[in-house]
Amino acid sequence: MIRHFATPELRDTYQELAAVTVAQRAEEFTQKGRLDRESWREIADAGVWGLAVPTEWGGSGGTWWDFVAAPEGIAAGGRDLGFCLSMVAQAGLIRSILTYGTDEHKAAWLPRLLGGDVGATALTETTGGSDVTRIRTAAVSDGDHYVLNGHKDHITNGPEADVALVLGRVPEAGQQDITLFMIDMHADGVVQGPIEDMMGNRTSPTGPIALDGVRVEARNIVGGIGGGIDAVYNTISLDRLLYGILAAAYLDPLLDEVMEYAQQRHAFKVPIAEHQYVQGRITDAKFAIEATRWVSYGALDALVQDSDQASLMCSVAKYHAGETLKLGTETALRVYGHLGYMEGRHSQALRDALGTLIAGGTAEIQRKNVFNQMQRLGARAA
């Protein structure tokens, strides 16, 4: 049973803010292929990153239910899916620090993230993709430091990030060596970018990060040597359900627009809204939106309650997010017809939506995780 819901007042506040910040600059930054850091700073100044952070670390002492209300509002008011995907990456990083970081980590890194610095979680590499256990980035100890070398690919916020949580190996630790390192992206040996030229979500820049002899203080290892995998799975679980939260919130106003257009546009002497094939497309989108919203709420509840079902539910939410965004934006394009296919916001929305079938773990990876979790839970119940 879901115990809480996103706070409507917070959702409304951030929707209004995003409408006069993110939405006003989205086209400009889509053309530039860059993150809108001005809006990022304004939203940070409004307290978004501290909503789920305890007051002792500079936050407002709320819950993750309070936090998800903000990206819901920003998705609805900002109308920029890419910007929201960059927010997902930042949220996962903050949760990692809160969950696995020491007090020293929280004191050192949270003020920067809450204050408007951009964060990234650098997991994937060319050799492994979604299989993060195949990473080659590695560190060797050097006194009270570790020296980190490697190359990360397709990292959300990578070209823009000020700080990053980097997944690497410590071979000298033995078989269980996958470890998380918190680094300053302005440190010597870190090379960011170039920004990848993507067909959609251009306001959420992705790109490589090269690490050439980067010195990381031992105290900036998060979760201990060999503790990286558990922390990563927790982080990506939050990321996955947030995709579902965003999908529903982003599509709500779009579907409202489609309904209004269908009632105004006439074909065969009646509004096209009276044709069953149009009604079918619109209701299919509505069914998908509501299913995605509520499975994502259920996933968040499972995650904050530390339920055995959490990983499975978060993958279900992520799977539905991509499929629903594709369906919802394609519905808009089909109902608008030629107007929708012309270069503009509806064709852009479909391009952006297609990226969510891949980003954050492909649909196929979500199926694999759900199947593996079903096996695990079944074995436990036997």
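So the values come out like this:
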read-out: Qualifying strands (runs of 3 or more DSSP E) (wholly inside the stretch 164-255; at least 2 residues being at pLDDT 95 or above and surrounded by fewer than 22 Cβ atoms within 10 Å (Cβ to Cβ)); value: 190-192, 206-217
read-out: Restricting the stretch 138-163 to residues that are closer than 23 Å to Arg112 by Cα and surrounded by fewer than 19 Cβ atoms within 10 Å (Cβ to Cβ), the residue that is nearest to the chain's Cα centre (by Cα); value: Asp162
read-out: Cβ pairs under 9 Å, 6+ apart, first in the stretch 352-372 and free of Cβ contacts under 8 Å to residues at least 60 places away in the same chain and among the small types (Gly, Ala, Ser), second surrounded by 16 or more Cβ atoms within 10 Å (Cβ to Cβ) and not in a loop (DSSP other than H, G, I, E, B); value: Ala363/Lys318; Ala363/Tyr319; Ala363/Gly322; Ala363/Glu323
read-out: Test: residue in the stretch 143-161 that is of a type in the set (Val, Ile, Thr) and without any contact (Cβ under 8 Å) to a residue 40 or more places away in the chain; value: no
read-out: Residue tally, condition aliphatic (A, V, I, L, M), touching a residue at least 40 places away in the same chain (Cβ under 8 Å) and farther than 18 Å from Trp109 by Cβ, over the stretch 44-64; value: 0
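The values are calculated or read from the model by the stated rules, or taken from the named source; none is laboratory data. This one's a predicted model, so the numbers in the text were calculated from it and none came from an experiment. FYI the Cβ positions are ideal-geometry reconstructions off the backbone, even for glycines, and counts take in every protein chain you see.
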